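Report on the structure given below.
The values are calculated or read from the model by the stated rules, or taken from the named source; none is laboratory data. Given the structure is predicted, the values throughout are model-derived calculations rather than measurements. Positions of Cβ are generated from backbone atoms using ideal geometry, with glycine treated the same way; all protein chains shown enter the neighbour counts.
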(Lines give C-alpha, C1' and ligand atoms only; values in the text may rest on other atoms or scores of the structure.)
Protein backbone atom coordinates (compact mmCIF):
# COMPACT_ATOMS: atom_id res chain seq x y z
CA UNK A 1 0.00 0.00 0.00
CA UNK A 2 1.14 3.56 -0.70
CA UNK A 3 0.53 6.64 1.34
CA UNK A 4 -2.58 7.50 -0.68
CA UNK A 5 -4.29 4.13 -0.34
CA UNK A 6 -6.94 5.36 2.11
CA UNK A 7 -10.00 7.56 1.81
CA UNK A 8 -12.52 8.65 4.47
CA UNK A 9 -16.22 8.53 3.62
CA UNK A 10 -18.39 10.36 6.16
CA UNK A 11 -22.12 10.84 6.61
CA UNK A 12 -22.24 14.30 8.20
CA UNK A 13 -19.52 16.89 8.65
CA UNK A 14 -20.82 18.65 11.73
CA UNK A 15 -20.72 18.29 15.51
CA UNK A 16 -19.05 15.17 16.92
CA UNK A 17 -19.10 13.48 13.49
CA UNK A 18 -17.03 16.33 12.09
CA UNK A 19 -14.61 15.89 14.98
CA UNK A 20 -14.46 12.16 14.18
CA UNK A 21 -13.38 12.91 10.59
CA UNK A 22 -10.79 15.42 11.80
CA UNK A 23 -9.49 12.95 14.38
CA UNK A 24 -9.13 10.13 11.86
CA UNK A 25 -7.45 12.42 9.34
CA UNK A 26 -4.94 13.59 11.92
CA UNK A 27 -4.14 10.19 13.43
CA UNK A 28 -4.14 8.16 10.22
CA UNK A 29 -2.29 10.95 8.46
CA UNK A 30 0.47 10.73 11.02
CA UNK A 31 1.14 7.20 9.77
CA UNK A 32 0.39 7.61 6.07
CA UNK A 33 0.89 11.08 4.68
CA UNK A 34 4.66 11.46 4.85
CA UNK A 35 7.48 9.38 3.40
CA UNK A 36 10.66 9.04 5.48
CA UNK A 37 13.42 11.26 4.12
CA UNK A 38 11.27 12.69 1.31
CA UNK A 39 9.67 16.13 1.46
CA UNK A 40 6.52 15.12 -0.40
CA UNK A 41 3.24 16.41 1.08
CA UNK A 42 0.34 13.96 0.62
CA UNK A 43 -3.31 14.38 1.51
CA UNK A 44 -6.07 11.87 2.17
CA UNK A 45 -9.42 12.42 0.46
CA UNK A 46 -12.46 12.95 2.72
CA UNK A 47 -15.80 12.74 0.93
CA UNK A 48 -19.45 12.31 1.79
CA UNK A 49 -20.40 8.64 1.65
CA UNK A 50 -22.06 7.66 -1.63
CA UNK A 51 -20.73 4.32 -2.89
CA UNK A 52 -17.95 1.80 -2.32
CA UNK A 53 -18.12 0.34 -5.81
CA UNK A 54 -14.93 0.28 -7.88
CA UNK A 55 -13.01 2.07 -5.14
CA UNK A 56 -9.38 2.77 -6.03
CA UNK A 57 -8.40 3.04 -2.34
CA UNK A 58 -9.19 1.43 0.97
CA UNK A 59 -12.12 3.16 2.66
CA UNK A 60 -13.04 4.20 6.17
CA UNK A 61 -16.81 4.64 6.24
CA UNK A 62 -18.26 6.30 9.34
CA UNK A 63 -21.52 7.73 10.56
CA UNK A 64 -24.72 7.00 12.42
CA UNK A 65 -26.00 3.63 11.23
CA UNK A 66 -29.55 4.82 10.60
CA UNK A 67 -28.29 7.56 8.24
CA UNK A 68 -25.75 5.60 6.17
CA UNK A 69 -26.85 3.05 3.57
CA UNK A 70 -23.30 1.73 3.09
CA UNK A 71 -23.02 0.89 6.78
CA UNK A 72 -26.48 -0.70 6.87
CA UNK A 73 -25.46 -3.04 4.05
CA UNK A 74 -22.90 -4.71 6.33
CA UNK A 75 -24.07 -4.00 9.89
CA UNK A 76 -27.47 -4.80 11.36
CA UNK A 77 -29.29 -2.41 13.69
CA UNK A 78 -29.13 -5.03 16.44
CA UNK A 79 -25.32 -5.04 16.21
CA UNK A 80 -24.96 -1.40 17.31
CA UNK A 81 -25.77 -1.01 21.04
CA UNK A 82 -27.56 1.98 22.50
CA UNK A 83 -25.14 4.93 22.71
CA UNK A 84 -22.42 2.62 21.38
CA UNK A 85 -20.69 1.69 18.16
CA UNK A 86 -19.59 -1.20 15.96
CA UNK A 87 -16.22 -1.27 14.20
CA UNK A 88 -15.84 -3.85 11.43
CA UNK A 89 -12.92 -4.49 9.06
CA UNK A 90 -13.52 -6.59 5.93
CA UNK A 91 -12.58 -6.88 2.29
CA UNK A 92 -14.51 -4.60 -0.05
CA UNK A 93 -16.76 -6.91 -2.11
CA UNK A 94 -17.08 -4.21 -4.79
CA UNK A 95 -13.39 -3.42 -5.27
CA UNK A 96 -10.63 -5.95 -5.88
CA UNK A 97 -7.93 -6.11 -3.18
CA UNK A 98 -9.34 -3.11 -1.30
CA UNK A 99 -10.64 -3.08 2.26
CA UNK A 100 -13.36 -1.41 4.31
CA UNK A 101 -13.17 -0.07 7.83
CA UNK A 102 -16.75 0.51 8.96
CA UNK A 103 -17.47 2.67 12.03
CA UNK A 104 -21.19 2.69 12.79
CA UNK A 105 -22.48 4.66 15.75
CA UNK A 106 -25.84 4.86 17.44
CA UNK A 107 -25.39 8.61 18.00
CA UNK A 108 -23.03 11.30 16.66
CA UNK A 109 -20.97 11.04 19.85
CA UNK A 110 -20.81 7.26 19.46
CA UNK A 111 -19.42 7.75 15.94
CA UNK A 112 -16.63 9.85 17.48
CA UNK A 113 -15.98 7.21 20.16
CA UNK A 114 -15.82 4.53 17.47
CA UNK A 115 -13.27 6.56 15.52
CA UNK A 116 -11.21 7.06 18.68
CA UNK A 117 -11.28 3.38 19.55
CA UNK A 118 -10.37 2.40 16.00
CA UNK A 119 -7.10 4.30 16.48
CA UNK A 120 -6.51 3.64 20.18
CA UNK A 121 -7.70 0.02 20.49
CA UNK A 122 -8.36 -1.61 17.13
CA UNK A 123 -5.12 -0.66 15.37
CA UNK A 124 -2.92 -1.95 18.24
CA UNK A 125 -4.97 -5.17 18.35
CA UNK A 126 -4.67 -5.68 14.57
CA UNK A 127 -0.93 -5.00 14.48
CA UNK A 128 0.91 -8.23 13.62
CA UNK A 129 3.79 -9.51 15.70
CA UNK A 130 7.10 -9.08 13.92
CA UNK A 131 9.15 -11.46 16.01
CA UNK A 132 10.12 -11.42 19.69
CA UNK A 133 6.82 -9.74 20.50
CA UNK A 134 7.62 -6.55 18.55
CA UNK A 135 4.62 -4.65 17.21
CA UNK A 136 4.68 -1.35 15.32
CA UNK A 137 1.15 0.10 14.99
CA UNK A 138 2.40 2.91 12.73
CA UNK A 139 2.94 0.28 10.02
CA UNK A 140 -0.47 -1.36 10.33
CA UNK A 141 -2.39 0.73 7.80
CA UNK A 142 0.29 0.14 5.17
CA UNK A 143 -0.44 -3.61 5.19
CA UNK A 144 -3.55 -5.68 4.58
CA UNK A 145 -5.66 -5.65 7.73
CA UNK A 146 -7.07 -8.81 9.31
CA UNK A 147 -10.81 -9.29 9.60
CA UNK A 148 -11.85 -7.50 12.76
CA UNK A 149 -14.88 -6.49 14.81
CA UNK A 150 -15.31 -4.49 17.99
CA UNK A 151 -18.62 -3.54 19.63
CA UNK A 152 -18.77 -1.32 22.69
CA UNK A 153 -21.12 0.95 24.63
CA UNK A 154 -20.87 2.88 27.90
CA UNK A 155 -22.22 1.24 31.04
CA UNK A 156 -22.76 4.62 32.69
CA UNK A 157 -24.66 7.32 30.84
CA UNK A 158 -22.68 10.29 32.16
CA UNK A 159 -18.92 10.07 32.52
CA UNK A 160 -17.82 13.39 33.91
CA UNK A 161 -14.91 15.43 35.18
CA UNK A 162 -15.03 18.00 37.98
CA UNK A 163 -12.38 20.71 38.23
CA UNK A 164 -11.92 24.36 39.07
CA UNK A 165 -12.24 26.35 35.86
CA UNK A 166 -9.08 28.40 36.31
CA UNK A 167 -6.87 25.29 36.50
CA UNK A 168 -7.41 24.69 32.77
CA UNK A 169 -4.59 26.18 30.70
CA UNK A 170 -5.84 25.32 27.21
CA UNK A 171 -9.58 24.67 27.06
CA UNK A 172 -9.45 23.25 23.53
CA UNK A 173 -6.82 20.67 24.41
CA UNK A 174 -8.68 19.91 27.64
CA UNK A 175 -11.98 19.25 25.89
CA UNK A 176 -10.35 17.20 23.13
CA UNK A 177 -8.70 15.08 25.80
CA UNK A 178 -12.04 14.50 27.52
CA UNK A 179 -13.54 13.30 24.26
CA UNK A 180 -10.59 11.00 23.56
CA UNK A 181 -11.17 9.46 27.00
CA UNK A 182 -14.87 9.07 26.06
CA UNK A 183 -15.92 11.43 28.87
CA UNK A 184 -19.04 13.39 28.01
CA UNK A 185 -19.55 16.03 30.69
CA UNK A 186 -17.39 18.56 32.53
CA UNK A 187 -18.37 20.33 35.74
CA UNK A 188 -16.49 23.63 35.92
CA UNK A 189 -16.41 25.14 39.41
CA UNK A 190 -15.98 28.89 39.54
CA UNK A 191 -16.30 31.77 41.96
CA UNK A 192 -16.71 34.18 39.03
CA UNK A 193 -17.95 33.50 35.49
CA UNK A 194 -15.46 33.08 32.63
CA UNK A 195 -15.72 35.85 30.04
CA UNK A 196 -15.49 33.27 27.25
CA UNK A 197 -18.07 30.91 28.75
CA UNK A 198 -20.23 30.60 25.63
CA UNK A 199 -17.16 29.97 23.48
CA UNK A 200 -16.15 27.13 25.80
CA UNK A 201 -19.66 25.66 25.78
CA UNK A 202 -19.88 25.73 21.98
CA UNK A 203 -16.51 24.05 21.57
CA UNK A 204 -17.36 21.38 24.12
CA UNK A 205 -20.65 20.62 22.39
CA UNK A 206 -18.84 20.11 19.09
CA UNK A 207 -16.94 17.26 20.80
CA UNK A 208 -20.05 15.76 22.43
CA UNK A 209 -19.14 17.14 25.87
CA UNK A 210 -21.77 18.86 28.03
CA UNK A 211 -20.81 21.76 30.30
CA UNK A 212 -22.26 22.07 33.80
CA UNK A 213 -21.45 25.23 35.74
CA UNK A 214 -20.54 24.70 39.38
CA UNK A 215 -20.93 27.25 42.18
CA UNK A 216 -21.45 27.31 45.91
CA UNK A 217 -24.80 26.79 47.60
CA UNK A 218 -23.35 27.57 51.01
CA UNK A 219 -20.29 25.38 50.49
CA UNK A 220 -17.88 25.35 53.42
CA UNK A 221 -15.22 22.97 54.72
CA UNK A 222 -16.22 23.76 58.30
CA UNK A 223 -19.94 23.17 58.28
CA UNK A 224 -22.59 25.85 58.67
CA UNK A 225 -21.96 27.40 62.05
CA UNK A 226 -25.25 29.25 62.44
CA UNK A 227 -27.92 27.01 60.93
CA UNK A 228 -31.38 28.49 61.43
CA UNK A 229 -34.44 28.51 59.17
CA UNK A 230 -33.98 32.24 58.66
CA UNK A 231 -30.35 31.87 57.63
CA UNK A 232 -31.21 29.06 55.22
CA UNK A 233 -33.95 31.19 53.65
CA UNK A 234 -31.52 34.09 53.16
CA UNK A 235 -28.97 31.70 51.66
CA UNK A 236 -31.58 30.34 49.28
CA UNK A 237 -32.44 33.87 48.13
CA UNK A 238 -28.79 34.59 47.36
CA UNK A 239 -28.36 31.32 45.46
CA UNK A 240 -31.41 31.90 43.25
CA UNK A 241 -30.34 35.47 42.53
CA UNK A 242 -26.81 34.39 41.64
CA UNK A 243 -28.09 31.63 39.37
CA UNK A 244 -30.47 34.04 37.67
CA UNK A 245 -28.02 36.90 37.22
CA UNK A 246 -24.67 35.14 36.73
CA UNK A 247 -24.90 31.50 35.66
CA UNK A 248 -28.12 31.18 33.70
CA UNK A 249 -27.01 33.63 30.97
CA UNK A 250 -23.84 31.62 30.27
CA UNK A 251 -25.57 28.78 28.46
CA UNK A 252 -24.43 25.33 29.38
CA UNK A 253 -26.26 22.18 30.27
CA UNK A 254 -26.90 22.36 33.99
CA UNK A 255 -25.75 23.41 37.45
CA UNK A 256 -23.56 21.54 39.93
CA UNK A 257 -23.49 22.77 43.52
CA UNK A 258 -22.10 21.91 46.92
CA UNK A 259 -23.49 22.97 50.27
CA UNK A 260 -22.04 22.79 53.78
CA UNK A 261 -21.38 19.06 54.06
CA UNK A 262 -17.58 18.98 53.63
CA UNK A 263 -16.86 18.43 57.32
CA UNK A 264 -16.37 15.45 59.62
CA UNK A 265 -18.96 16.66 62.10
CA UNK A 266 -22.55 15.61 61.49
CA UNK A 267 -24.35 18.29 63.49
CA UNK A 268 -23.96 21.98 64.14
CA UNK A 269 -25.60 23.57 67.18
CA UNK A 270 -27.52 20.35 67.65
CA UNK A 271 -28.97 20.41 64.12
CA UNK A 272 -28.08 17.48 61.83
CA UNK A 273 -26.23 18.84 58.81
CA UNK A 274 -28.08 16.34 56.61
CA UNK A 275 -31.46 17.85 57.57
CA UNK A 276 -30.37 21.42 56.92
CA UNK A 277 -28.73 20.51 53.60
CA UNK A 278 -31.76 18.63 52.30
CA UNK A 279 -34.08 21.44 53.35
CA UNK A 280 -31.93 24.04 51.58
CA UNK A 281 -31.42 22.16 48.34
CA UNK A 282 -35.02 21.00 47.99
CA UNK A 283 -36.42 24.48 48.51
CA UNK A 284 -33.82 26.21 46.34
CA UNK A 285 -34.04 23.68 43.52
CA UNK A 286 -37.82 24.01 43.52
CA UNK A 287 -37.56 27.78 43.07
CA UNK A 288 -35.10 27.41 40.20
CA UNK A 289 -37.21 24.76 38.47
CA UNK A 290 -40.21 27.07 38.55
CA UNK A 291 -38.21 29.44 36.31
CA UNK A 292 -36.32 26.77 34.35
CA UNK A 293 -38.34 23.52 34.28
CA UNK A 294 -36.19 20.44 33.75
CA UNK A 295 -32.85 22.18 34.33
CA UNK A 296 -30.19 19.58 35.21
CA UNK A 297 -29.21 20.10 38.86
CA UNK A 298 -26.48 17.98 40.48
CA UNK A 299 -26.08 17.96 44.26
CA UNK A 300 -22.43 17.44 45.22
CA UNK A 301 -22.64 15.75 48.62
CA UNK A 302 -19.70 14.92 50.92
CA UNK A 303 -20.42 11.67 52.67
CA UNK A 304 -18.24 12.50 55.68
CA UNK A 305 -20.95 14.50 57.46
CA UNK A 306 -24.04 12.55 56.40
CA UNK A 307 -23.03 8.87 56.03
CA UNK A 308 -25.02 7.97 59.15
CA UNK A 309 -28.07 9.93 57.99
CA UNK A 310 -28.95 8.22 54.73
CA UNK A 311 -32.60 8.08 55.74
CA UNK A 312 -32.57 11.90 55.80
CA UNK A 313 -30.70 12.21 52.50
CA UNK A 314 -33.35 9.92 50.99
CA UNK A 315 -35.76 12.89 51.32
CA UNK A 316 -33.81 14.82 48.67
CA UNK A 317 -36.06 15.75 45.74
CA UNK A 318 -36.12 12.77 43.33
CA UNK A 319 -35.25 14.97 40.33
CA UNK A 320 -31.97 16.02 41.95
CA UNK A 321 -29.00 13.81 41.15
CA UNK A 322 -26.76 13.34 44.20
CA UNK A 323 -23.07 13.08 43.34
CA UNK A 324 -21.45 11.36 46.34
CA UNK A 325 -17.93 12.41 47.31
CA UNK A 326 -15.44 11.26 50.00
CA UNK A 327 -17.18 7.93 50.55
CA UNK A 328 -14.10 6.13 51.93
CA UNK A 329 -10.51 5.36 50.99
CA UNK A 330 -9.10 5.04 47.47
CA UNK A 331 -10.54 5.77 44.89
CA UNK A 332 -12.89 8.00 46.85
CA UNK A 333 -9.85 9.75 48.32
CA UNK A 334 -6.63 10.10 46.40
CA UNK A 335 -4.35 10.19 49.44
CA UNK A 336 -5.71 7.20 51.40
CA UNK A 337 -5.34 3.46 50.95
CA UNK A 338 -8.51 1.57 50.01
CA UNK A 339 -10.69 0.18 52.78
CA UNK A 340 -12.84 -2.26 50.80
CA UNK A 341 -14.27 -3.87 53.92
CA UNK A 342 -16.03 -0.53 54.61
CA UNK A 343 -16.21 1.11 51.20
CA UNK A 344 -17.86 -1.69 49.21
CA UNK A 345 -20.76 -2.16 51.67
CA UNK A 346 -21.27 1.61 51.95
CA UNK A 347 -21.23 1.94 48.16
CA UNK A 348 -23.87 -0.78 47.96
CA UNK A 349 -26.03 1.08 50.49
CA UNK A 350 -25.85 4.23 48.36
CA UNK A 351 -26.71 2.32 45.21
CA UNK A 352 -29.75 0.80 46.92
CA UNK A 353 -31.22 4.18 47.92
CA UNK A 354 -33.31 4.14 44.73
CA UNK A 355 -32.34 7.70 44.04
CA UNK A 356 -30.64 9.36 41.09
CA UNK A 357 -27.00 9.38 42.06
CA UNK A 358 -23.36 9.20 41.08
CA UNK A 359 -19.92 8.56 42.56
CA UNK A 360 -16.72 10.64 42.57
CA UNK A 361 -13.30 9.03 41.99
CA UNK A 362 -10.21 11.01 42.98
CA UNK A 363 -6.53 10.10 42.75
CA UNK A 364 -5.75 12.71 40.07
CA UNK A 365 -3.76 15.95 40.18
CA UNK A 366 -4.99 18.45 42.74
CA UNK A 367 -3.99 21.98 43.70
CA UNK A 368 -1.89 22.71 46.77
CA UNK A 369 -4.77 23.61 49.04
CA UNK A 370 -2.47 25.15 51.66
CA UNK A 371 -1.50 27.76 49.04
CA UNK A 372 -4.85 27.99 47.29
CA UNK A 373 -5.52 31.36 45.64
CA UNK A 374 -9.14 32.35 45.07
CA UNK A 375 -10.25 33.69 41.71
CA UNK A 376 -9.89 37.46 41.69
CA UNK A 377 -12.91 38.13 39.47
CA UNK A 378 -14.29 37.28 36.03
CA UNK A 379 -11.48 35.85 33.90
CA UNK A 380 -10.64 34.20 30.57
CA UNK A 381 -10.82 30.41 30.87
CA UNK A 382 -8.24 28.14 29.28
CA UNK A 383 -6.06 30.57 27.32
CA UNK A 384 -2.76 30.46 29.17
CA UNK A 385 0.57 31.37 27.64
CA UNK A 386 3.03 28.79 26.35
CA UNK A 387 5.33 29.69 29.24
CA UNK A 388 2.59 29.03 31.80
CA UNK A 389 1.70 25.71 30.19
CA UNK A 390 5.34 24.62 30.14
CA UNK A 391 5.85 25.71 33.78
CA UNK A 392 2.84 23.77 35.06
CA UNK A 393 3.65 20.62 33.07
CA UNK A 394 7.22 20.55 34.34
CA UNK A 395 6.15 21.28 37.93
CA UNK A 396 3.52 18.56 38.27
CA UNK A 397 5.16 15.76 36.26
CA UNK A 398 6.78 14.11 39.34
CA UNK A 399 3.41 14.07 41.10
CA UNK A 400 1.83 12.30 38.13
CA UNK A 401 4.39 9.51 38.54
CA UNK A 402 3.24 9.12 42.14
CA UNK A 403 -0.40 8.97 41.01
CA UNK A 404 0.48 6.33 38.42
CA UNK A 405 2.01 4.24 41.19
CA UNK A 406 -1.14 4.74 43.27
CA UNK A 407 -3.45 3.56 40.49
CA UNK A 408 -1.13 0.69 39.64
CA UNK A 409 -1.29 -0.50 43.23
CA UNK A 410 -4.98 0.12 43.95
CA UNK A 411 -6.70 0.34 40.57
CA UNK A 412 -8.54 -2.94 41.00
CA UNK A 413 -10.39 -1.51 44.01
CA UNK A 414 -11.68 1.26 41.77
CA UNK A 415 -12.67 -1.39 39.22
CA UNK A 416 -14.75 -3.23 41.86
CA UNK A 417 -16.58 -0.06 42.87
CA UNK A 418 -17.21 0.94 39.26
CA UNK A 419 -18.56 -2.55 38.55
CA UNK A 420 -21.04 -2.17 41.41
CA UNK A 421 -22.11 1.19 40.01
CA UNK A 422 -22.54 -0.24 36.51
CA UNK A 423 -24.80 -2.95 37.89
CA UNK A 424 -27.15 -0.41 39.47
CA UNK A 425 -29.93 1.34 37.53
CA UNK A 426 -29.72 4.26 39.98
CA UNK A 427 -26.15 5.31 39.18
CA UNK A 428 -26.23 7.75 36.27
CA UNK A 429 -22.87 9.51 36.83
CA UNK A 430 -19.35 8.32 37.41
CA UNK A 431 -17.00 11.21 37.93
CA UNK A 432 -13.25 11.87 37.92
CA UNK A 433 -12.20 14.85 40.04
CA UNK A 434 -8.90 16.60 39.48
CA UNK A 435 -6.95 19.06 37.40
CA UNK A 436 -6.53 17.26 34.07
CA UNK A 437 -4.86 20.08 32.19
CA UNK A 438 -2.06 19.21 29.79
CA UNK A 439 -1.38 15.81 28.26
CA UNK A 440 -3.38 12.73 29.24
CA UNK A 441 -1.69 10.74 31.99
CA UNK A 442 -1.85 7.02 32.70
CA UNK A 443 -3.90 7.27 35.90
CA UNK A 444 -6.54 9.37 34.14
CA UNK A 445 -6.71 7.00 31.18
CA UNK A 446 -7.25 4.03 33.49
CA UNK A 447 -9.91 5.81 35.53
CA UNK A 448 -11.75 6.82 32.35
CA UNK A 449 -11.68 3.22 31.14
CA UNK A 450 -13.38 2.11 34.35
CA UNK A 451 -16.08 4.75 33.94
CA UNK A 452 -16.90 3.45 30.44
CA UNK A 453 -16.90 -0.30 30.99
CA UNK A 454 -16.23 -3.00 33.59
CA UNK A 455 -17.68 -5.89 31.59
CA UNK A 456 -14.12 -6.33 30.31
CA UNK A 457 -11.88 -8.18 32.83
CA UNK A 458 -9.54 -5.89 34.71
CA UNK A 459 -6.29 -7.40 33.30
CA UNK A 460 -7.56 -6.74 29.77
CA UNK A 461 -8.40 -3.14 30.67
CA UNK A 462 -4.87 -2.70 32.00
CA UNK A 463 -3.42 -4.10 28.79
CA UNK A 464 -5.55 -1.71 26.71
CA UNK A 465 -4.39 1.28 28.73
CA UNK A 466 -0.74 0.31 28.44
CA UNK A 467 -1.11 0.20 24.64
CA UNK A 468 -2.72 3.63 24.25
CA UNK A 469 -0.64 5.41 21.59
CA UNK A 470 -0.72 8.83 23.25
CA UNK A 471 0.76 7.65 26.56
CA UNK A 472 4.54 7.70 26.89
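Inside segment 339-355, residues that are surrounded by 18 or more Cβ atoms within 10 Å (Cβ to Cβ) and at pLDDT below 95 make up a count of 1.
Of note, residue 434 satisfies the criterion of being modelled with pLDDT of 95 or more and surrounded by 18 or more Cβ atoms within 10 Å (Cβ to Cβ). Residue-level check: of (1) more than 21 Å from residue 209 (Cα to Cα); (2) touching a residue at least 24 places away in the same chain (Cβ under 8 Å); (3) under 31 Å from the mean Cα position of the chain (by Cα), residue 52 misses just (3).
Pull up segment 73-94, narrow it to residues that are outside any loop (DSSP other than H, G, I, E, B) and touching a helix residue (DSSP H, G or I) at 6+ places or on another chain (Cβ under 6 Å), then point me to the one that is surrounded by the most Cβ atoms within 10 Å (Cβ to Cβ). Give the steps one after another, and end with the answer.
If we filter segment 73-94 for residues that are outside any loop (DSSP other than H, G, I, E, B), which is where we start, we get 73-74, 77-79, 85-91.
From what's left, touching a helix residue (DSSP H, G or I) at 6+ places or on another chain (Cβ under 6 Å): 85-87.
Working: 85: 30, 86: 24, 87: 22.
Here the residue is 85.
Residue by residue, here is whether (1) in a strand (DSSP E or B); (2) assigned by TED's automatic domain parsing to the domain that holds residue 431; (3) over 11 Å from the mean Cα position of the chain (by Cα) holds:
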position: 145; (1), (2), (3): no, no, yes
position: 162; (1), (2), (3): yes, yes, no
position: 166; (1), (2), (3): no, yes, yes
position: 182; (1), (2), (3): no, yes, no
position: 192; (1), (2), (3): no, yes, yes
position: 198; (1), (2), (3): no, yes, yes
position: 203; (1), (2), (3): no, yes, yes
position: 235; (1), (2), (3): no, yes, yes
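Annotation: residue 256 fulfils all but one of (1) at negative phi; (2) touching a strand residue (DSSP E or B) at 6+ places or on another chain (Cβ under 7 Å); (3) not in a strand (DSSP E or B); the unmet one is (3).
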